[in-house]
Amino acid sequence: MDKVANVWVYLSANPLLHLTMTLVIYQIGEWLSQRSGRSPFLNPVLISVVSLSFILLLTNTDYQTYFEGAQFVHFLLGPATVALAIPLYNQFQQVRRSAGALAVALVSGSAVAAGSAGFFAWVSGATPDIITSLIPKSVTTPIAMGIAEKLDGLPSLTAAVVILSGIIGASLGPPIMNFLGLIDSRAQGLALGVASHGIGAGRALQINETAAAFAGIAMGLNGLLTAALLPVIWKSIF
C-alpha cells in the first residue's frame, strides 16, 4: 500500500494526470451514453462530474490542484462555443425564415426560465440573495455569475445551479419533447439552447445540425437578453 501511495503522490504532481483522467472518464461516459441509446440517466457530462468528484474526494485532491492539470479543457470551452457558429452559418436561411417565431419563443422562454425559478424560490421561502442566485439558471455560466453578482446574489451557487440545470435539461429535454410530439428540430434546438445553454447546445448537436444551429443562437441571445433586462426588471420591482 505504501508503494501505491508513493506512486499516486508522484502522479498527482503531474498536471497531465488530471487532464488525462478528465478525457478518459468523459470518453467512458460518452461510450455508455451511446450504448444506452442516449439514455437521459447516462448523460456523459453527468457521469464525468460525479466520477471526477468521487475520485477527488477519495484521493483527497483539492479542486485547485485538479484544475491546474485540467485547465486546458477549460480553455477549449471558448473555441467550442465559437464553433457553434458553424451549424448556424450552414443553416442560416432556416434561421432567417424562422426569425419571427424564434423571437417570440426566445422572449417567452427567457421569461419563463427566470420567472419560474424566482417564483418557486420565493414560494419556498428563500431569501433574496438565494432568489437572485437562482433566476439566471438558464443562462451560460459566465453570464449567469455576472448577473448574480450584480444582483447581490451568490455566484458560486449560481454556477452550481446553472451546471445542474444544463445537465438535467440536456438529459431529460429530448425524451420529454419526443413524448409530447415536439419533434421539429428547430423547436427542440431552441428549447435546449434557452433552457440548458452550452450543455443543451452540445446535446442538440447530437440530434442534427439544424437543432444545433437553433440551440446556438438561442443560447447566445438568451444570455444577452437576460443580462440586459433581468437586472433592470429586478431592481424596478424590488
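The values are calculated or read from the model by the stated rules, or taken from the named source; none is laboratory data. Since the structure is predicted, the reported quantities are computational estimates derived from the model, not experimental observations. Cβ placement follows ideal geometry from the backbone for every residue including glycine, while neighbour counts extend to all protein chains displayed.
Residue-by-condition table, conditions (1) over 16 Å from the mean Cα position of the chain (by Cα); (2) more than 20 Å from I199 (Cβ to Cβ); (3) not polar (S, T, N, Q):
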| residue | (1), (2), (3) |
| --- | --- |
| I28 | yes, no, yes |
| L57 | yes, yes, yes |
| D62 | yes, yes, yes |
| Q93 | yes, yes, no |
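Residue count for segment 56-93 satisfying the condition of being at pLDDT below 80 and aromatic (F, W, Y): 2.
Any residue at all in segment 116-129 that is of a type outside the set (A, V, I, L, M), under 17 Å from the mean Cα position of the chain (by Cα) and assigned to a helix (DSSP H, G or I)? There is no residue in segment 116-129 that is of a type outside the set (A, V, I, L, M), under 17 Å from the mean Cα position of the chain (by Cα) and assigned to a helix (DSSP H, G or I).
The residues of segment 27-48 that are modelled with pLDDT of 90 or more and among the hydrophobic types (A, V, I, L, M, F, W, C), listed by number, are I28, W31, L32, I47.
Can you pull out every residue in segment 1-26 that is farther than 20 Å from I163 by Cβ and either at pLDDT 90 or above or outside any helix (DSSP H, G or I) (or both)? Before you say what the answer is, go through the steps one by one.
Filtering segment 1-26 down to residues farther than 20 Å from I163 by Cβ leaves 1-17, 20, 24.
Within segment 1-26, M1, A13, N14, V24 qualify.
One residue alone among S48, S53, S110 is assigned to a helix (DSSP H, G or I), surrounded by fewer than 17 Cβ atoms within 10 Å (Cβ to Cβ), among the hydroxyl-bearing types (S, T, Y) and on the phi < 0 side of the Ramachandran plot, and that residue is S53.
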